[in-house]
1. Suppose R0 equals 30 Å; then what is the FRET efficiency for I52 and Y128 from their Cβ-Cβ distance, rounded to the nearest 0.05?
2. What does the charge dipole of segment 57-117 about its Cα centre add up to, to the nearest 20 debye, if the Cβ of each Lys and Arg holds +1 and the Cβ of each Asp and Glu holds -1?
3. Could you sort out which of K38/K120; K38/K112; K36/K161 sit more than 21 Å apart by Cα distance in this structure?
4. Please go through segment 1-96 and write out the trypsin sites (Lys or Arg not before Pro) that DSSP classes as loop and that have at most 15 other C-beta atoms within 10 Å.
5. How long is the gain from S7 to L146 if the chain were fully straight, where each residue apart is worth 0.36 nm and the alpha carbon distance is subtracted?
6. With the crude spin-label approximation of a point 7 Å out along Cα→Cβ, what separation in nm comes out for R92 versus K162?
7. Under Stokes-Einstein, with the Kirkwood radius over Cα pairs standing in for Rh, what whole-number D in µm²/s applies to the chain at 4 °C and 1.567 mPa s?
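Bear in mind that the values in this text are calculations on the coordinates, not laboratory data. Keep in mind that what you see is a predicted model, and the values were worked out from it rather than measured. FYI the Cβ positions are ideal-geometry reconstructions off the backbone, even for glycines, and counts take in every protein chain you see.
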Amino acid sequence: MKKQRPSWDEYFMFSALSIAVRSSCVYLQTGAVIVKDKRIIASGYNGAPPGIKNCLEVGCRKEREGINFDDKEKNVCRGTHAEINAMNQIARQDLKNTSLFSVYYPCSVCAKAIVGAGIKEVAYLMNYKELDSLTEELFSERKVKLRKLELNIEKYFERIKKIYKNN
């Protein structure tokens, strides 16, 4: 029987999903990885910047301020998006011509940073409630390839169970 391996897309997206479990947001957990030459060179999840207490420690600021979670333009969240956290880990010149795998479709704030960094491709798994048209506009103008991936989660976890049980 030939051993089945995940595709590179699956591998990188499942890595982003795995990283998302570190998120400190009480409402939405997401992760991102940056890839160059089929190697993950950085990763990030959404949460407070280093040295700042996160929402799991002090509670959700949006909740305290009475702001609906889906109202993303109020800039009252303590957290930084996963894509930005991943990009902050490496030098700008190292980001050029890389691919970013994100659990969610990037918002326009992240899209601005992505195009500014010279990232050439973004793959994502899920949409927020609605797509950000500015993200699409920026990616189109900068010729950033945008791909929505489909994953077979059950098949992947069957592989993990086999590894864990050493079968």
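1. According to the calculation, E is roughly 0.80.
2. On the way: 9 positive and 8 negative charges, 36 e Å.
Dipole magnitude for segment 57-117 comes out near 180 debye.
3. K38/K112; K36/K161
4. Loop-located and lightly packed - K2, K3, R22, K38, K53, K96.
5. Values: separation 139, 0.36 × 139 = 50.04 nm, distance 1.78 nm.
Gain on stretching S7 to L146: 48.3 nm.
6. So the two model labels end up 4.6 nm from each other.
7. Details: Rh = 16.8 Å.
Roughly 77 µm²/s, to the nearest whole number.
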